[in-house]
Amino acid sequence: MDILPQPVRTLKFDAFWRWLQEHTQCILRCGSVDAMLYDHDDFHWLMMEEERQHIVQVLKGKALVGEMVMAGREVTEVTVAQDPDSGAQGHFLVELMGGPKEDPQVLYHFIMAHGIDPAPHKDLKH
């Protein structure tokens, strides 16, 4: 039985950043061309913004293990799809794209423990 691939979902950077700040414990790893940060049971993730830069840090207690600084203004779109390497485990690949529109490149990526849930229907009341 063939499993149909999940469709790719696209977002703006600001929407992804807000969602990521609420799901820091769901990050399995993230990186760029220059660096890769991995999750570990002893680590926690911290997100912050400084001078128009978006910073992702991995800490052990209060000690900085590593950080990735992203220029969010350079990200043209964010794509979210089931990770082809670990999709059977339910992991999702988030790619932050930038560069020329005719030839976009992956600037940063995240492997998440789950996908981005669709927004609840606005007409429903709780």
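The values are calculated or read from the model by the stated rules, or taken from the named source; none is laboratory data. As the structure is a prediction and not an experimental result, all values here were calculated from the model. Cβ sites come from the backbone with ideal geometry, for glycine too, and all protein chains shown count toward neighbours.
Which one of these is under 18 Å from Ile116 (Cβ atoms) and either of a type in the set (Ser, Thr, Tyr) or touching a Phe, Trp or Tyr at 6+ places or on another chain (Cβ under 7 Å) (or both): Arg18, Arg29?
On the way: Arg18 fails: either of a type in the set (Ser, Thr, Tyr) or touching a Phe, Trp or Tyr at 6+ places or on another chain (Cβ under 7 Å) (or both).
When all the criteria are applied, what remains is Arg29.
Can you name every residue in segment 9-33 that is β-branched (Val, Ile, Thr) and surrounded by fewer than 16 Cβ atoms within 10 Å (Cβ to Cβ)?
Within segment 9-33, Thr10, Thr24, Val33 meet the criteria.
Residues that are among the small types (Gly, Ala, Ser) and either touching a Gly at 6+ places or on another chain (Cβ under 7 Å) or within 17 Å of Phe13 (Cβ to Cβ) (or both): does segment 62-71 have at least one? Working first, answer last.
Within segment 62-71, the first condition is being among the small types (Gly, Ala, Ser), and the residues that meet it are 63, 66, 71.
Next, from what is left, pick out any that are either touching a Gly at 6+ places or on another chain (Cβ under 7 Å) or within 17 Å of Phe13 (Cβ to Cβ) (or both): 71.
For segment 62-71, residues among the small types (Gly, Ala, Ser) and either touching a Gly at 6+ places or on another chain (Cβ under 7 Å) or within 17 Å of Phe13 (Cβ to Cβ) (or both): present.
Looking at Gln89, Gln82, Gln53, Gln105, can you tell me which residue is in contact with a Gly (Cβ under 9 Å, 6 or more places away or on another chain) and free of Cβ contacts under 8 Å to residues at least 12 places away in the same chain?
Testing whether each residue is in contact with a Gly (Cβ under 9 Å, 6 or more places away or on another chain) and free of Cβ contacts under 8 Å to residues at least 12 places away in the same chain leaves just Gln105.
Inside segment 34-55, can you point out the residues that are closer than 23 Å to Gln82 by Cβ and surrounded by fewer than 16 Cβ atoms within 10 Å (Cβ to Cβ)?
Met36, Tyr38, listed by residue number.
Quick grid of which residues meet (1) among the polar types (S, T, N, Q); (2) under 14 Å from Thr24 (Cβ atoms); (3) not in a helix (DSSP H, G or I):
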| site | (1), (2), (3) |
| --- | --- |
| Asp41 | no, no, yes |
| Ile55 | no, yes, yes |
| Leu59 | no, yes, yes |
| Leu64 | no, no, yes |
| Glu67 | no, yes, yes |
| Arg73 | no, no, no |
| Glu77 | no, no, yes |
| Ala81 | no, no, yes |
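Which of the numbered conditions does Trp45 fail, given that it passes all the others? Conditions: (1) modelled with pLDDT of 95 or more; (2) part of a loop (DSSP other than H, G, I, E, B).
(2)
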